[in-house]
Each structure stands twice: as structure tokens, then as C-alpha cells.
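A short write-up of the structure that comes next.
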Amino acid sequence: MGRELAIATKGLTKQFNRHLAVRDVDLEVEIGEVYGLIGPNGAGKTTLIRMLAAAEDPTLGEIYINGNQVMRDRRNPTIKRHLGYLPDDFPLYEDLSVWDYLDYFARLYQLQEPERSRRLHEVLDLVSLTHKRTSPIPTLSRGMRQRLSLARTIIHQPLLLLLDEPVSGLDPVARSQFRDIIHALKEAGMTILISSHVLSDLEEMCTSIGIMELGYLVESAPLAELYRRLSRQHIEISVITPAANLEATLNQHPLVDQWGWVDELSRRRQRPGDRPPAADSTLRQLRVEFSGNAPDSAELLRSLVTAGVTITEFHTVHETLEDIFFKIDHKQSA
Amino acid sequence: MLINLIDRTIGWNPQLLRELKGRLKPRNLIIAVLLSGLFQLLFLIITFGMLPGSFSPMDLRINTYPNPSVEYNYSATGEASEFGYITRIDLFQPIEPNAAYPDLARTVSRVQVGDRVLSVDGTPLEDTMTYTDYQKLIEGEFAAALASPELSDRATLRSSVPGTTVKLTLNRPNVGQIDVELPRVLTSTVHNSYCRRPSVQTLPPNSSPEYGYEGTQPCQLIPGTSDYAVEWQGWFQTTFWQLSAWITFPLLALGCFWLIGDLDQEEKRGTLNFVRLSPQSAWSILSGKILGVPSLLYLAVGLILPAHFLLGLSGNLSFVRILGFDLMLGLGCLLFFSTALLFGMVCHGLGGFQAWLGGGLALMAQTFMLQTRYAHSSENTVAHWIPLFSPLSYWTELGGTGADFLNSWNWCGISGSAGAIAAFMALNFGVWSAWIWRSLRRRFYTPNATLISKQESYWLTLCFQGMLLGFVWKIPTFAGTDLAQQSQNWASNNLMGIVWLDLLFLCLLLVALTPQRQPLHDWARYRHLGLEGRKNRSLWSDLVWGKDSPALVAIALNGLILLVLAIGWLMRTGYDDPVAALATLISSTFLVLIYAAITQLILLTSWQRRAVIAFGSVAALFALPSLVLSITGTYYSELWLLVFPWPMQYVSFSLATLMAVFAVQAAGLGLLSGMLAHRLRKAGESSSKELFEEKPLALSSRETL
């Protein structure tokens, strides 16, 4: 049985003047995924999202949303009913109150009473703006405006949510609130495509990641697969020295690729004039490049303890999404 | 509460509800109601001020009935001599038309134009006298009372003057000296167009058909009262018409202004895109805008409507006729406001100036449409179409003052009764609103699309020319002498009308069909791929039917349709100078094609504000050469032929000259088309090169992963 796709594009290309903003993109996002789109500025993320939202016509290529092709120059009402799009500048009507604004969009998406009022209360509760329901929009803070825009985007319970830089300019508290909302929406079964420069947030929220460069989609895979392929792991161990058998145990272990003292590593990075680390410290840390899995790590720990090494700390560390992103030899578009 | 009521009644249109919620705030409502009330108050004060006012004895004046105007007889050298000649006879009605003046009708023929007054009540007229001296003689024993500033002295005149007479000794040509007795009448110095017009009296031979001054007459009192008798029906009708104009002009101009401004705001904020992304239809959103954005204006006008109906009904206009006007006004609003929305979608990036421009254009268009009524001939012409775009023509043309229009109007053999023209007017508004809405729909869903497709443009051209030629399809029956010349003049004048309107239409078509830079680039580069919406077909087929292809060929075909239909009409009229007519039509089509090529070339550049530059260039190309030729006074030069179509109609040129002119125009067009083709080819090639050059680079970055 084939995968059910919320988004499928074939050869999607967008050209502005002589500049190809999006080039031949074949994107597939499964239903229920939270897909993070990352890439440097000018990589084509916003253009891609705008085309997926039917806000921009592609120059070439086809777009399928939940299996339905987006047709050019057509109304596409069914597809639009299933889409929610939040652009990075989230414009709002300044002459309306919070409730009237959401009510307007609920009506645009043909929600009928009593469902409409129920849904309005629901989304206001979700974005924590219930207490502001009668407030005029100009009185809201930036974070509130962003949450209101998100509420507008989800008012009609879209199957697919397209969020372009939704947390840009938000303080840590507002970002945390935003992450919670995305988790709630994910639990509700929405497929979410989100572009952001805050990779730690994406790492926390996303199930899949796509990386764009110079208009190309250069990587698109589930987050776990991305870690498996591109993220190396290492083990950080703190020991009390002297540890006579430590070196031998590590050198003989088949899954240890290489190891080194962290303070030695840092000594190597020392610049002239810096204070050297203490050579006679009794507690020292080492870093082991290890290619085994969790049981193998346990086995290494056991063998070290058996060899008489006094261990105060032992934990496995994965490379982050940010490490992976920087590891890829990306090129900023001109 | 108001919003809840609105919610219940118009909840079907979310856009309308949103506009009303944003606008019907208590402060705005109060301002709209106050302004509407204030306007009505001022309007009533001004229109009541046009009535004669109350009677004062100071208004009294003594005349005779009939009242001869005496002047000097002028010699052949222009020198005045011999005072007392009657040049004009007025029938100033007495201020109190009651039993005090019996049998006035019998006195009207006692004096004649051409008589010379020799004496008044025995006092001979002298050649040194003036009209004032003569008037003093007429006033006789009442002159002192009339000159008195005391109201009580003057008031006595009302009882003493009636029944007295003045004896004039006249010298009548071919008759000799005769004595006539004319009754003195008291008249009013108050002249007013709303004073009740007396029943028509039999006029003496050669007397003036006017009652007093142009369009007015001394007012009369209601018998037994001190109030002037007012022609209330006329006042109500005029006031009603003025109020109609006061409703129509601001409604259309301000409505257009607000709609264009609102659309500009939405585009600036980027909110219109959200609305576009909703599943609502273009009709739902844009009709909501048309009904909602000017809602305060509608409210203000709505508050005037009771007074409007009251005035109309009091003016003896039927309820159905008034309702008919409101229907026309509604349809006019639909056409103007739809056009305003389209204008707002096309014309952006002028920093808000487009709202002023659109509102101003709406005002000017209304004025122009109403002015064209004065250009009407007594035969049917193409100009009979223009007033039908203004709702006010419902009163000006179909009402009492438009008799010529009604008599001469004809469309495809249907002659002009008020009902038929009103139906045509409604149809006219409907047809053009429908075309505008087709463009609105296209543009709403695809903001960078052309306003109409090429297929639609051919139908639109047929519709336009069909409607236009319908007005001159019936060849009028001429009366009098030189029938052939009259017929030729009629055909020639209408041909110029057709050429001008076709030229205007083709220029609008140029705007509607010319694709923007990006779609044209995309077309040039990817046409060969046969994409969705761009069927893979031959180049010519694509130029005639295709989406986003250059508009030049389509405009030429539309020009050809106009040309063929116009030639058909010319053949029907039996026009005696077909070469000149054909030359005029072909020349104007060539000119538009040259404009189209220039426009397309400018739109292909990456200049900022290229649309404005294109418009300015074409406008300059149209106006400047004509201006220069006019200033230099070169009226009959062949140069005209290159830049302006009209002189061929009026000035004869040899066939060789015409061929040379067409050769120059065709060469110019060929050159511009060649440049356009070259630019498009280059645009297409450069993209392929860019793709070939950059793809390996990008692939290498993928391989490194």
C-alpha cells in the first residue's frame, strides 16, 4: 500500500526575472508529519511555501495537496479548504477586534453556527487569547499578533498547515508557547510544514526535515534517518586519574574509533597567552568516538568498570540538527 | 444590536459583513447621519431660496398691457434718431390677475412692432428722450407714488391703478396716425422661473413670443393674498432633478475613490492574499466590497431617498419612474464600482494616488457623458450611446428636456421611446458590467494574468462594434434640399465617431491583453514544453489564442474585426469616398499596433514603474505630434497621416501619398515587431543557457552530502 501524501510536488520550479528561486523540486510530505524546511536566506523556502499555499503560480511543475492537483487560474475551493497558510509577515486588519477578525475568517471558510462559535472559543483557548477576544487588534503585542495569526490559520481545521518563519522575532517565552501549540496541532492530526531558522525548535517539533539551497531541495528525510546518516555520536566520560587500564581498554575495544582527553583537545586549541589547563587534575574528561548502539555503550561502560577505571560520568551525545546543517557544505545564494 | 441585525440578514456574504463591522462604528454612523442631514438642510435652504419669496409693495411697477418697448430708429450709418419706435411687445401679466383687469385679451393687438409712438396721454415724445422718460409718461399721475420710498404710498397703487388707461398716439406704417388706449397694469419686478405661467394669450402680429425676460416673467400674486403664485410642480421637478444629480455625482465619484483606496490598502497590507486563499468565490468577495466599502455613503444617500421620493411624487412623477431611476443608479453604481475595482487591481504602486485618479476619472466621465447630449444632431448618431452610461441621462435624455434625443435615437431599427431606451440603458449597464466581472474574476484568482483572454477579446470586440454600429444601422431620412450631401455628411461624421471610439477601444484592449513581464518571459522560455494551461501548439496559434503570449497579433485581429464590421456599415451607407474612409480605419489600426508594440517592449524591460512609463510613452506619442502640428499650424500636411487618423476624412490625399504613409507605418511596426521578437528570443535562450550552466554546479553540491 502506497504512502498517503499530504504534499507532493513534481519538478516544481519558480522563476523571477532571470533568477530561479525554486528549481525542480520534488517534495513529498506524508500525512500527519511535521516537516521542517531549513536553508539559508534566499534558498527558496518562502517561494516554495507560497506555491504550496496557491499564493503563487509555479513557472513549471505540479503540486498535489492530499492527492488533488492544484490547477492554475482556478478557484481550487476544495484544496483551499484543506490549507492553512501563515506567512512570515502575518498581516492583520487593524479595524477589527480579535473576535471579529477570527469570525470573519471562519465565515470565509464557510463555518456555520454553532460550530463557528465553538471553534472560535477553541482556537482562542489554544493560542491563549481568550482574555483578549474583545480587544482591538492594534492593542496586541507582537507575540499575541503572531498567535492570533496562527489562530486565523487553523480556524477552519485545515488538513495541512504551512507556516513560514512563524517564530521569527518572538521572545523565548512566546516561542515556547508556540511550540506547545504546534505539539497540540500535531496531536490533533494536522500535517504541518514549517520553515524556520531556529533549528533547535524544529529539532524538537519535526518528524522530517528538508534542506533547501539555491532553490534546490538538497535533502529531505525523516529526522531519525537524518541523524542516522549524518549525525555522528560520541561518548563523554569523566574519570578519576590516574586510571591505569583506561588507555588499553579503549584502544582494544572494536567499536571505539578514536578517543582523546577533552582537556588535551582544548589544549590543542589553545592560543598563545591563554592559561593552560591543570595537568595534574584528578578528575579528567575524555571523548570517545563510538560507532556502536546503546547496548554496545553499556558493554563499554561495563568493561571500563571491570578494568578498574573510576568513572564519575558517562553519557552518549548526538550531533544536533544545527551541526548537521553546518556540516553540509551549503552555499548561500547570491 | 445593529451588527447582530446585519449578521442575521447578510451573514451569507462574509466580506460584506466584515466591511460593515469595520465601518459601521457609532462615530462613523453619527458623522454619516449628520452629514446627510446637514446636506439636506442646506439643499432645501438653497432650493427654497430660488422661490420668489414674499410680496412687498416695493416690487410694484406700472406697465401697459401689452407693453411696447420703444427705441430709437437707427439710420443706415448707425446714428440714432427719431425716438419712439416699437421694437418689441411684451405681455407682462398683472400682479393681481382678477376682476380688476377684465378683457385684457382684447387689447393685445392694439399696438404692433414697427409702430412709432408719437405721444403719451397728449405729451409728445421728443428725440432727446430715453426709455426712462417714456416710462414716466406711462406711469402718469402714479409716478410720484411709485417713486416714493414709503410702503404706504406704494400700497395705494394696488387699488388706484387698475381701471386706468394710457392713451397712445401712434404712427402706423401704411395706415397713418391712430389713437389707441392701453390699460395700465401693475406688475411685479420679481422675476422667477418658478412663478406660475399665465395661460397663453393671443399675441399680436410680430410680437415677441416670450413672456418677459428669458425663461422668467414677472410674478403674480395668488388672488386675495399677498403670496406669489408658484409653479410648485415645476419647482418640485427641478429640485428633484437637482437632488438626483447631487446623489449621483458624489455617490459614483466617492464610491470609486473609496473602493480603489480600500483595495490599495489591502494590497499594501497583504491581507487580500489571505482572502484570495479562502474558498470564497471572486463574486462573493468583490460584491461584498462593492456593497460594504461605500456603506456609509449608501447610508447617507439612503437617508436622502425619502426626500427624493417625496420631491418626485410632489412633482407629479410616478412612483415607477422614480424607482426606474433608482434602478439605473444601482446599475450605474455596479458598472462604475466594478470598473473601479478593476482599475484598483491593475493600477497599483502609485502611492495612493490611484484612488484620487479613479474618483476624478469617474467624475469627469459622468460630466462628459452628460455634456454629449448637447452634441446630438437630429439624426441618429454613434454619440447617442455615450449618455446611456450615465444614470442621470434617465432624466436628462428620457425626461422632458430630451425630446431631440428621444426622436433621433435608434438602435438596429428600434426607435426611441422612453421605455425602450430605459430598457436598453439597463441592458447596456448589464452587458458591460458582465464583461468587467469576467476580468475581475480572472484577476482575482491570478493577479498577474491579463485582464481578458485572447478568445474573450474577439467576442468583446464583436460585442462592442455590434453595439456601436447598431446606433447608425438605420440610415436616417433627410428632409429639405441637397439630400445626397446631408447623407454624406451624416456618414462622414459618424465614421469619425466610429474611428475615435474604435481607437479608444483598441487602446483599452491593448491594456487588457498585454501580458506582464514575468508571464511573457515564462512564455518565451517554456512555451515549447506544452505545460498545463499552455497547450503545445504552433507559434501562430499561440499568438492568436495562447495565454501570456505577446498581444500584438491578437490586437491586430481585433482591429481587423473592427475594420471588417465598419466597412460593412460603410458599404450600407453608400459612402462616396471609400478610399479615404478605409485609409482612416487602417491608419488608426496601424497606430494602435505601433502603440501595442512599444508598450510590450517597455513592459519587457526591468525598469521600475515600467507600466507608468509605457502609458506615458503611448500618451505622449498620441498627443505630442498632434500638438506640435497644431501649434505650427500644419493642418494640411501629410505628416498628420503618420500620427493621427482624422485628416484623411477631410483632406484629400493622393493614393500614392496614402500608400507611402502606410509603408512608413508598416515599416515602423515591422521594426518594432522585429525588436520584440528578438527580445523574446533572447529571453528564452538566456534561460536555457542559465539552466545548463548552473545545473552541474548544483548537482555537485548534492553529491558532496
Between 0 and 90°, nearest 10: helix B:282-292 axis offset from chain B longest Cα axis: 30 degrees
Extending each Cα 7 Å along its Cβ direction at residue B:496 and residue B:298, get the distance between those two points in nm, one decimal. 4.4 nm
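With only Lys, Arg, Asp and Glu charged, each at its Cβ (+1 for the first two, -1 for the last two), find how big the charge dipole of the protein assembly as shown is about the Cα centre; round to the nearest 20 debye.
Numbers: 85 positive and 93 negative charges, 367 e Å.
Around 1760 debye, computed over the protein assembly as shown.
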Label points 7 Å out from Cα along the Cβ direction at residue B:621 and residue B:143: separation in nm? 7.8 nm
Give the list, by residue number, of cysteines in the protein assembly as shown with no other Cys Cβ closer than 4.7 Å, or say none. A:206, B:256, B:333, B:347, B:412, B:463, B:507
Using a Förster radius of 22 Å, what is the FRET efficiency between residue B:30 and residue B:5 based on their Cβ-Cβ separation? Nearest 0.05, please. 0.75
Counting other Cβ atoms within 10 Å, which GluC sites (Glu not before Pro) in the range A:28-107 have at most 12 and lie in a DSSP loop? none
Equivalent ellipsoid semi-axes, the range A:107-182, via Cα gyration tensor eigenvalues times 5, rooted, Å: 21, 15, 11
Gain in span if fully extended, residue B:423 to residue B:181, counting 0.36 nm per residue against the direct Cα distance: 81.3 nm
Picking from B:138, B:661, B:226, whose Cα lies most toward the positive end of the charge dipole for chain B (charges on Cβ: Lys, Arg +1; Asp, Glu -1)? B:661
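What is the calculated FRET efficiency for residue A:135 to residue A:183, with r their C-beta to C-beta distance and R₀ = 25 Å, to the nearest 0.05? Don't jump to the answer; show the numbers that get you there.
Numbers: r = 26 Å, r/R0 = 1.05.
It comes out at approximately 0.45.
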If you line up the long axis of helix B:578-603 against the longest principal axis of chain B, both from Cα atoms, how many degrees apart are they, to the nearest 10? 50 degrees
Rounded, prolate or oblate: which fits the range B:539-629 when a ≥ b ≥ c are the square roots of the eigenvalues of the alpha-carbon gyration tensor, with rounded for a/c under 1.5 and prolate only if a/b beats b/c? oblate
Taking the Cβ of each residue in B:575, B:74 as the centre, tally the other Cβ atoms inside 10 Å and list the residues starting with the fewest. B:74, B:575
Computed over chain A: relative contact order in percent, which uses C-alpha pairs under 8 Å that are six or more apart: 20 percent
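So how do A:196, B:159 line up by other beta-carbon neighbours within 10 Å, fewest first? Present the calculation step by step, with values, prior to reporting the outcome.
Values: A:196 22, B:159 10.
Ascending number of Cβ neighbours within 10 Å: B:159, A:196.
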Under Stokes-Einstein, with the Kirkwood radius over Cα pairs standing in for Rh, what whole-number D in µm²/s applies to the protein assembly as shown at 20 °C and 1.002 mPa s? 58 µm²/s
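Once the Cβ-Cβ distance between residue B:321 and residue B:132 is put in as r, and R0 is 51 Å, what FRET efficiency do you end up with, to the nearest 0.05?
About 0.55, to the nearest 0.05.
Sorted from fewest to most neighbouring beta carbons within 10 Å, what does the list B:50, B:364 look like?
On the way: B:50 14, B:364 11.
Arranged by neighbour count, lowest to highest, B:50, B:364 become B:364, B:50.
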Taking only Cα atoms, what is the 0 to 90° angle, nearest 10, from helix A:172-187's long axis to the longest principal axis of chain A? 70 degrees
When the scattering of the range B:9-129 is computed by the Debye formula from its Cα atoms alone, each counted once and equally, what is log10 I(q)/I(0) at q = 0.12, 0.16, 0.22, 0.23 Å⁻¹? -0.72, -1.00, -1.24, -1.28
Top positive-direction residue, dipole computed over the protein assembly as shown with Cβ charges, set A:39, B:382, A:25: A:25
Is any residue of the range B:359-373 close enough, with backbone N under 11 Å, to a label point placed 7 angstrom from the Cα of residue B:246 along the Cα-Cβ axis, and if so, which? none
With a bin width of 10 angstrom, please list the P(r) values of chain A as percents of all Cα-Cα pairs, from the 0 bin to the one holding the largest distance. 5, 21, 24, 19, 14, 11, 5, 1
Where the convex hull is taken over the Cα atoms of chain B, what is its projected area averaged over directions, in nm²? 45.6 nm²
Taking the Cα-to-Cβ direction at residue A:224 and at residue B:657 and moving 7 Å from each Cα, how far apart do the two end points lie in nm? 9.0 nm
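Read-outs throughout are calculated quantities, based only on the coordinates presented, and are distinct from any laboratory measurement. Only a predicted model underlies this, so the values are computations on that prediction, with no experimental measurement involved. Cβ coordinates were reconstructed from backbone atoms using ideal geometry, including for glycine residues, and neighbour counts include every protein chain displayed.
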